[in-house]
2 protein chains.
Amino acid sequence: MPIGTQGSVKTLSSEDLKDVGVRVILGNSYHLYLRPGHKLILEAGGLHKFMSWDGPILTDSGGYQIFSLNPLAKVTQEGVRFQSHWDGSYHYFNPEKVIEIQRALDSDIIMTLDECVSYPASLQRAQKACEFSLDWAEKCKKEHQKFNSQSDLGTPQALFGIIQGSTYPQLREKCARSIMDLDFPGYAMGGLSVGEPKTTTFQIVDMLCQILPRDKPRYLMGAGTPADLVRAVEKGVDMFDCVLPTRNARNGMVFTRKGKLPLRNAEFASDFSPIDPDCDCVTCKNYTRAYIRHLIQVGEITGLRLATLHSLHFYMRLMEKIRETIKNGDFTQWKDNFLAEYGSENEIFGEGRMES
Amino acid sequence: MPIGTQGSVKTLSSEDLKDVGVRVILGNSYHLYLRPGHKLILEAGGLHKFMSWDGPILTDSGGYQIFSLNPLAKVTQEGVRFQSHWDGSYHYFNPEKVIEIQRALDSDIIMTLDECVSYPASLQRAQKACEFSLDWAEKCKKEHQKFNSQSDLGTPQALFGIIQGSTYPQLREKCARSIMDLDFPGYAMGGLSVGEPKTTTFQIVDMLCQILPRDKPRYLMGAGTPADLVRAVEKGVDMFDCVLPTRNARNGMVFTRKGKLPLRNAEFASDFSPIDPDCDCVTCKNYTRAYIRHLIQVGEITGLRLATLHSLHFYMRLMEKIRETIKNGDFTQWKDNFLAEYGSENEIFGEGRMES
């Protein structure tokens, strides 16, 4: 899922998303609650209608943004008090409030309120966050059921539970089992991709995938690079959201099957080949590295957009290929080839959790 | 002609321009010379190939930008010394240089070097600028003929002469006759739309259109609003370039048949109708005023792009309508209706001469 933080995937329109083959997009409740406001979006007929997107939308609960944008947010068992990053005004989220917001947004998949601790976190800190997240998950479910699990516009909404527990395997397992006891239609692994070593991430993911039911979607929040996605799928993950294809593109860093391409580098100034000669996206069919580099260097929006279109196309084709090879039974072989061609990456997780 | 200052019409790709029905675009020699450099663009196969645009391109000579971006530019009969607005480095343009640059860019219509004085200018100042512009026009023509009036890539290029003379009718007429003696395939009225009262602009335009040959294109540089275009066509103008549809759109000001619409205004926050209900552009078919306003308010690039697509579509349809009514012989009647519906405008010319 590409990230539509404030009601658009940055630089793209809904027509572009369809052209690139995007299936589900993610909207940020925190951002949409602050501007333009969830009530205005409800008045517009929901987020689908507001942004003219008729595909599925997943909204987060806002928890991640509260904690990452508000280091001084006050958390109690009842909820979280925080200040708007726009104007410093005070706001309060609790389980009932995030359900209210997401029901107004009319998204198709909605998330429970959780507390995402940063890395590293003490065991005590992580335990406390788990307790709150678990309590809030239960309250979210109760609140959602009050409204027959539907949005304000009568759309059926799937409420996913989120597993926290930082990098502590035992805590993760305990949290997972408690969340599973609440019986959600899908489960998310939260609190990863926040700066921990990748070996740790994958240990947790591996462990959780062995516990979580096979017949329900497993969603690894905030991941990841192309190689991360491939490795996580191997463990059993079904869903991802990440800003990397879009945010990195706007910084001039695009993805190819042979790894990342830093378009700002001087070597590309007179490189008149496409970003990826084998890519059939609109950018690669029409424009050169030199042209896109020039546009980005001089601050032209069109450059950000062309780079975004390419990288998102790359991610969508990657996931298509993964689905295809799983169906054909040759995922493992394809994966080995892909990782060999793609090359090595940073070994720290969490390059990109939010569009800013 | 929309303005492609640095090798792209801001926020749009060449595919977008085709979709909107753009026929000719303008490129700025000054900007392209500084970044990425005309030699790099020649190496890329010319500006058409560099930006993947196979329609006609007009390039200016860079004169206007030198004077507007470099108040300390040193002008002599030989040429102009100026500093880059990027890094303060010194550069020198003379008639031969601007032909060299435009031959490298491989544009279809190229312009002579001229000195554009600001408004108001003393008669003496305006006379001097006319003398230089006339001398440079002759030298440009000579230089261009040396190369058989072709670009470095063998493309035939039409070199247009530019008439200066500020707001002095006699000086304008004298300059026009001298430029016409040099026999260019097209004539531009420069040094207008720089802040003078509109009545003055139209007096000059009217006078010049009575002198300039009817069988050659007449180009009013840097104009204008929708009403300006209609009025100038009535005088006999054939060609325009202007940043208004694109730059104003990025500031949230879009054009409709009923005048300008300031989308940032609070009244549009919950206005779920399209910018113009009668418009069939991609923006009006899919998005509301409230949505575009929200995107622009929170700084989302997609908002700038959707607004740009609308306003450029509006300008292109306006010019189509003008051509159609001229052919049908009912331009005058249509014009009266259009101006009545469009309403009044600022009476100062020169809102937008350059994308910045």
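Quick notes
- For B:G195, inter-copy label distances in nm, listed shortest first [label point 7 Å out on the Cα-Cβ vector]: 5.1
- Where chain A is carried onto chain B by rotation, the Cβ closest to that axis, with its residue and distance in Å, is A:I301, 3.
- Fraction of beta bridges assigned by DSSP in chain A that are antiparallel (%, nearest 5): 40 percent
- Note that the range B:281-344 presents 39 Å² accessible area per residue, ligands and nucleic acids not counted, probe 1.4 Å.
- DSSP beta bridges in the protein assembly as shown [antiparallel fraction, %, rounded to 5]: 40 percent
- Shape of the range B:187-305, Cα gyration tensor, a/c cut at 1.5: prolate
- Take every Cα pair under 8 Å whose residues are at least 6 apart in sequence, average their separation, divide by the length of the range B:84-155, and the relative contact order is 42 percent.
- Alpha carbon centroid spacing (whole Å) that separates the range B:235-251 from the range B:91-111: 23 Å
- Interface burial for B against A (accessible surface, 1.4 Å probe, total of both chains, Å², rounded to 100): 3100 Å²
- A convex hull fitted around the alpha carbon atoms of the range B:163-241 yields 75 Å³ per residue.
- Local net charge near A:G21, Cβ-Cβ under 10 Å (Lys/Arg +1, Asp/Glu -1): +1
- Hydrodynamic radius by Kirkwood, which averages 1/r over all alpha carbon pairs of the range B:266-343, in angstrom: 13.9 Å
- Across the identical copies, how the A:K327 labels are spaced - nm, sorted shortest first, 7 Å along Cα→Cβ: 4.9
- Largest-first principal axis extents of the Cα set of the protein assembly as shown (Å): 90, 54, 45
- Of the GluC sites (Glu not before Pro) in the range A:59-118, the ones in a loop by DSSP (not H, G, I, E or B) with at most 16 other beta carbons within 10 Å are A:E78.
- Cβ charges +1 (Lys, Arg) and -1 (Asp, Glu), total dipole of the protein assembly as shown, debye: 540 debye
- Between the Cα long axis of helix A:301-328 and the first principal axis of chain A there is an angle of about 70°, rounded to the nearest 10.
- Of A:W86, A:A104, A:S151, farthest towards positive along the dipole that unit charges on Lys, Arg, Asp, Glu beta carbons give the range A:72-159: A:W86
- Computed Rg/Rh of the range A:1-143, alpha carbon atoms with Kirkwood Rh: 0.99
- 10 Å Cβ shell holding at most 11 others, DSSP loop, trypsin sites (Lys or Arg not before Pro): longest site-free stretch of chain B: B:1-213
- Enclosed volume per residue, in Å³, of the convex hull spanned by Cα atoms of chain A: 135 Å³
- Note on the range B:193-287: Lys pairs 8 or more places apart or on different chains, Cα atoms under 28 Å apart, count 9.
- Ranking B:F272, A:T201, B:L306 by how far each Cα lies toward the positive end of the dipole of the protein assembly as shown (charges on Cβ) leaves A:T201 at the top.
- For A:K174, the distances from its label point to the matching points in the remaining copies are 9.5 nm, ordered from shortest, with each point set 7 Å beyond Cα toward Cβ.
- Here the accessible area of chain B is 48 percent carbon and sulfur, with a 1.4 angstrom probe and all protein chains present.
- Among the listed pairs A:K142/A:K335; A:K146/A:K321; A:K18/A:K335; B:K18/B:K146, those beyond 31 Å (Cα-Cα): A:K142/A:K335; A:K146/A:K321; B:K18/B:K146
- Relative contact order of the range B:224-326, defined on C-alpha pairs under 8 angstrom at six or more residues apart (%): 28 percent
- With Cα atoms, 0 to 90° folded angle of helix B:95-105 axis to chain B main axis: 50 degrees
- Reducing the range B:1-48 and the range B:284-310 to their Cα centroids gives an inter-centroid distance of 24 Å.
- Rel. contact order, % - alpha carbon contacts under 8 angstrom, at least six apart, chain B: 15 percent
- Relative to the longest principal axis of the Cα atoms of chain A, the long axis of helix A:123-146 makes an angle of roughly 80 degrees.
The values are calculated or read from the model by the stated rules, or taken from the named source; none is laboratory data. Fair warning: this is a prediction, and the values are worked out from it, not measured in the lab. Quick reminder, even Gly has a Cβ in these numbers, built from the backbone with ideal geometry, and neighbours come from all protein chains shown. For the accessible areas, the whole protein counts, side chains as well, though only heavy atoms, and no ligand, DNA or RNA atoms are used. Shrake-Rupley method; radii C 1.70, N 1.55, O 1.52, S 1.80 Å.
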